[in-house]
Amino acid sequence: MPRTIPSQLETDPPVSGEATTGFFSSLRTPAGVALPSLPEAHRTIPISSGASWIRKVLAFAGPGYLVAVGYMDPGNWATDLGGGSKFGYSLLSVIFISNLMAMFLQALSAKLGIASGRDLAQACREHYSRRTSFFLWVVCEIAIAACDLAEVLGSAVALKLLFGLPLLAGVLITALDILIVLALQGRGFRLIEAFVVTLIASIALCFTYEIFFAHPLWREAAVGLIPRAEILRNREMLYIAIGILGATVMPHNLYLHSSIVQTRAFGASVRDRREAVRYAVFDSTLALGFALFINAAILVLGAAAFHTRGLSHVAEIADAYKLLSPVLGASLASTLFACALLASGQNSTLTGTLAGQIVMEGFLHIRLRPWLRRLITRSLAIIPAVLVIGIAGENKVTSLLILSQVILSFQLPFAVIPLIQFTGDRNRMGEFANSRLTAVVAWVIAAAILFFNAELLWLILRPS
């Protein structure tokens, strides 16, 4: 088998080749070679070939946690909390299966970036026609806007719960988080990763406290890990299940992961890249394990605190905040719940900004200034949030959160199918191409996503 080394790994084009014009810059060098996405961070974190495995684990640790953030954003809270309070532990199986699917797909995403030297957006632009690439870009931007909508609403709800701010004012204040993003991006990629890991740890500690006082029925929770056919027959249950799937396996995270794994300066040889894939997959799998814990904890909290006490209609985040402390008998329960929600929203803001930058650079070869890119993305999220709050009222926020996650689920195939196609291409991946077993599992996951989406459409559109 011929040895294939991607051209981008053989000679990384210098970042200085970026031409600047006004608010945006062209991602082409004078020689016409496309620069990598996030060129300011590309291969900036050194990897010592002679280091111990522990040092290598630490060196590769980080990208997986940035990806995991998207799996515990405020959209997850709405779907998990609604599922737990209404259906008890029944939807734990959906969270578990969704996280396994996420681990598998994120591993493929990391492998694509490391083995080919291209992120998913760049691979789409190189492989598909201009019209198809433009369509995929639009679809991905819709997914990012839907995710950002969840972050805006989640952060606004947290600000209202903690400080009594009107929800509309909280939505407008979230536009200022662009300053946080810019401050961190200017200080190196490791600081962004450290900030994200700190917030994830804070969220985990908050939910550990909540679960301790909730006293879940662990036997019923274990039974909830077994899939039930009822999920497919019950329209309401399936709607939330699809929302959990969309909130867990987020499409833009596949683009994000395939790019940020290239911040590590691993070697170009097959052996070095194989080692890089191994450590990157370990990093993302471990990080998504934390995401699984947090998602499951939210649903278990909803089931233990509300469903088992007959409060099966507590689907609103604000109602959960009001009831947690008196129901659990823990004075800090409500406050920690709101703090974790705020941390979740701000955490997701960072990764949403990076993902937006990556897809625009990869698909269009245009790099907007970070503040302008963030302003556009956040505006697309704030406008529908303001309209819904102004017209329908604040009581529709959680419904909008769940809808945003269902939208994400319908965007998934447009990212998953190209990812499977590219990682199975031997011309692109060389000996890193998917094995037959990996390809079968990948296509089964893609088919399952399509099936669940089609089933939901049928349940929604069929006569009652």
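The values are calculated or read from the model by the stated rules, or taken from the named source; none is laboratory data. Owing to the predicted nature of the structure, the values given are computational and were not obtained by experimental measurement. Cβ: placed from backbone, ideal geometry, glycine included. Neighbour counts: every protein chain shown. Side chains are part of the model used for accessible areas, which takes the heavy atoms of the whole protein and leaves out ligands, DNA and RNA. Shrake-Rupley method; radii C 1.70, N 1.55, O 1.52, S 1.80 Å.
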Limited to the range 192-216, what total is found for residues that are open to solvent by 60 Å² or more (accessible area, probe 1.4 Å) and not in a helix (DSSP H, G or I)? 1
Any residue at all in the range 58-66 that's surrounded by fewer than 24 Cβ atoms within 10 Å (Cβ to Cβ) and without any contact (Cβ under 8 Å) to a residue 40 or more places away in the chain? yes
How many of the residues making up the range 306-328 are modelled with pLDDT of 70 or more, within 27 Å of the chain's Cα centre (by Cα) and of a type in the set (G, A, S)? 2
Would you say R219 is open to solvent by 50 Å² or more (accessible area, probe 1.4 Å), assigned to a helix (DSSP H, G or I), of a type in the set (K, R) and modelled with pLDDT of 75 or more? yes
Just need a number here: residues in the range 61-81 that are assigned to a helix (DSSP H, G or I), in contact with a Phe, Trp or Tyr (Cβ under 9 Å, 6 or more places away or on another chain) and among the small types (G, A, S). 2
Give me a count of the residues in the range 230-265 that are among the aromatic types (F, W, Y) and closer than 19 Å to A291 by Cα. 1
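Considering only the range 55-110, state which residues are of a type in the set (G, A, S) and within 30 Å of D425 (Cβ to Cβ).
Across the range 55-110, the qualifying residues are A59, A61, G62, G64, A68, G70, S98, A102, A107, S109, A110.
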Within the range 437-450, identify whether any single residue is surrounded by fewer than 21 Cβ atoms within 10 Å (Cβ to Cβ) and at pLDDT below 90, and answer yes or no. yes
S90: farther than 25 Å from R190 by Cβ and not in a helix (DSSP H, G or I), yes or no? yes
From L245, L238, grab the single residue that is crowded, with 19+ Cβ neighbours inside 10 Å, more than 17 Å from the chain's Cα centre (by Cα) and at pLDDT below 85. L238
May I ask you to verify whether L161 is in a helix (DSSP H, G or I), in contact (Cβ under 8 Å) with a residue 24 or more places away in the chain and either surrounded by fewer than 24 Cβ atoms within 10 Å (Cβ to Cβ) or touching a strand residue (DSSP E or B) at 6+ places or on another chain (Cβ under 8 Å) (or both)? yes
Hey, any hits in the range 133-153 for a residue that's closer than 21 Å to R273 by Cβ, assigned to a helix (DSSP H, G or I) and in contact with a Pro (Cβ under 9 Å, 6 or more places away or on another chain)? no
Which residue, of L332, L341, L292, is of a type outside the set (S, T, N, Q), under 14 Å from M103 (Cβ atoms) and either in contact with a Phe, Trp or Tyr (Cβ under 9 Å, 6 or more places away or on another chain) or in contact (Cβ under 8 Å) with a residue 40 or more places away in the chain (or both)? L292
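Determine which member of the set L412, L437 is touching a residue at least 24 places away in the same chain (Cβ under 8 Å) and either farther than 20 Å from A241 by Cα or among the hydrophobic types (A, V, I, L, M, F, W, C) (or both). Lay out the reasoning, then the answer.
Numbers: L437 fails: touching a residue at least 24 places away in the same chain (Cβ under 8 Å).
L412 is the lone residue from the list that is touching a residue at least 24 places away in the same chain (Cβ under 8 Å) and either farther than 20 Å from A241 by Cα or among the hydrophobic types (A, V, I, L, M, F, W, C) (or both).
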What are the pairs, 6+ residues apart or on separate chains, where a residue within the range 190-209 that is without any contact (Cβ under 8 Å) to a residue 12 or more places away in the chain has its Cβ under 7 Å from a residue that is surrounded by fewer than 20 Cβ atoms within 10 Å (Cβ to Cβ) and in a helix (DSSP H, G or I)? L191/L184
